[in-house]
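Notes to accompany the following structure.
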Amino acid sequence: MNKFFYISLLLGLVTYLMILAYIYLFQRNLLYHPSVNGYQEDKINFDYKEIFIQNKEGIKLKAWLHEKDLINKKTIIFFHGNAGNLRNRNYKLNELSKFDVNFLIVAYRGFSGNQGKPSEQGLYEDARSTLNWLKIKGVKEKNLILYGESLGTAVAIETAQNKDLAGIILESPFTSMVELAQKYYPVLPVKFLLKDKYETIKKLPNISSPLLVLHGGLDTIVPFTMGQKLFEQANEPKFKYFIANDDHMMRYDQNLLDEIKKFISFSH
């Protein structure tokens with residue numbers, strides 16, 4: 001009996017260590033999903049120019065620019081989530097194009113046919129390169145609104161630190177990837193395994209620009225409580241649109257659009 005117990009214990013330990021090794025080695029394949037089938041892909045109902053923004057590593061990032069008046073009107077920079085491509089956001093971009101703003105949506109390295117492999121620092125660098133591209137075009141920080149969707153909320157917050165922006169919009173945000181991953185893998189020491197930690201909540205003290213948090217109470221990917229916690233700890237001025245019956249990829253219904261429009265009008 002004792003021998004059987006120790007053999008079982010050893011097999012369990014070996015299995016656990018193998019799981020740890022797999023998670024550590026392939027974690028970025030689990031986190032980033034550039035090619036996903038079945039995502040929404042509506043018809044494009046807006047004018048845009050396809051441009052390529054070169055980052056510091058020489059990778060050309062595919063981006064779409066919807067331009068009304070790049071110098072005098074506000075510009076929304078849209079940072080998408082961890083899965084899919086630019087076209088999967090058409091239903092959102094169709095609505096944003098109706099506002100009196102420009103918008104620029106950029107695909108990260110490894111997404112939408114771009115070269116490179118995504119990582120936390122890589123995505124941050126892609127975001128900084130995007131802001132620098134607009135700066136060269138004469139766009140001022142005070143006319144920028146950073147819009148982050150899911151994983152893109154961490155990119156938006158990182159990029160917004162210590163800047164005087166028109167605003168920041170966070171859709172379905174999470175507090176940190178460590179805290180979120182622990183929810184999915186409660187028996188694993190994710191704090192020590194994770195390479196890309198995206199510790200958004202620790203950066204909130206460095207954010208002074210107006211903030212709008214959007215989150216659905218039925219979010220099955222990021223707990224709604226994370227959006228609440230971020231909002232509570234954020235600096236003023238801050239606004240929220242919390243709706244009980246919406247999921248992670250929020251519906252762009254009239255109520256949500258009205259909140260975004262109101263926020264755009266408020267910011268600077």
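Every number in this text was worked out from the coordinates using simple rules, so none of it is lab data. Predicted, not measured: the structure shown is a model, and the values here were computed from it. All Cβ positions, even for glycine, are placed from backbone atoms using ideal geometry, and neighbour counts span all protein chains on display.
Take every pair of alpha-carbon atoms less than 8 Å apart whose residues are at least six positions apart; their mean separation over the length of the chain yields a relative contact order of 15 percent. Relative contact order, whole percent, for segment 147-257 stands at 28, derived from Cα pairs under 8 Å and 6 or more residues apart. Counting only the backbone N, which residues of segment 231-268 are under 14 Å from the spot 7 Å out from the Cα of K140 toward its beta-carbon? Backbone N within reach: 268.
Considering only L96, I169, I201, and ranking their Cα positions along the charge dipole of segment 73-207 that arises from unit charges at the beta-carbon of Lys, Arg, Asp and Glu, the one farthest toward the positive end is L96. Under a model in which nothing but the beta-carbon of Lys, Arg (+1) and Asp, Glu (-1) is charged, segment 164-240 shows a dipole of about 240 debye around its Cα centre. Rounded to the nearest 20, the size of the Cβ-charge dipole of segment 33-123 about its Cα centre is 120 debye, with Lys and Arg at +1 and Asp and Glu at -1. Residues whose amide H lies under 5 Å from that of F239, counting only those 5 or more places away or on a different chain, are L211, L212, V213; hydrogens are built 1.01 Å from N in the peptide plane. Kirkwood's formula applied to the C-alpha pairs of segment 1-102 gives a hydrodynamic radius of 17.9 angstrom.
In segment 32-266, the convex hull through the Cα atoms has an average projected area of 12.1 nm², a quarter of its surface area. Here the label points at A21 and Q121, each 7 Å from Cα along the C-beta direction, are separated by 2.6 nm in the simple model. Measuring max minus min along each principal axis, the C-alpha atoms of segment 191-256 give extents of 39, 30, 16 Å (largest first). Kirkwood hydrodynamic radius, computed over distinct alpha-carbon pairs, for segment 21-165: how many Å, to one decimal? Mean inverse Cα-Cα distance, inverted, gives 15.5 Å. When only the Cβ of Lys, Arg, Asp and Glu is charged (+1, +1, -1, -1), the dipole of the chain relative to its Cα centre reaches about 600 debye. Helices from the chain with mean Kyte-Doolittle at least -1.0 and a Cα length along the axis of 20 Å or more, per DSSP H: which? The qualifying helices are 2-31, 120-136.
Under a 5 Å amide H cut-off, with hydrogens placed 1.01 Å from N, I221 pairs with H248 among residues at least 5 apart or on other chains.
Protection proxy ranking for 150-157, 12-19, using the average of other Cβ atoms within 10 Å per residue and placing the highest first: 150-157, 12-19. For segment 151-223, what class follows from the C-alpha gyration tensor (a ≥ b ≥ c being the square roots of its eigenvalues): rounded when a/c is under 1.5, otherwise prolate if a/b is larger than b/c, else oblate? Here segment 151-223 falls in the oblate category. Pairs exceeding 28 Å between alpha-carbon atoms, taken from K68/K163; K3/K195; K197/K261; K135/K183; K43/K202; K56/K140: K3/K195; K197/K261; K135/K183; K43/K202. A Förster radius of 30 Å combined with the Cβ-Cβ distance from I71 to N94 puts the calculated FRET efficiency at roughly 0.80. Based on DSSP H segments of at least four residues, each scored -39500 (n - 2.57), the chain has a per-residue ellipticity at 222 nm of -11500 deg cm²/dmol.
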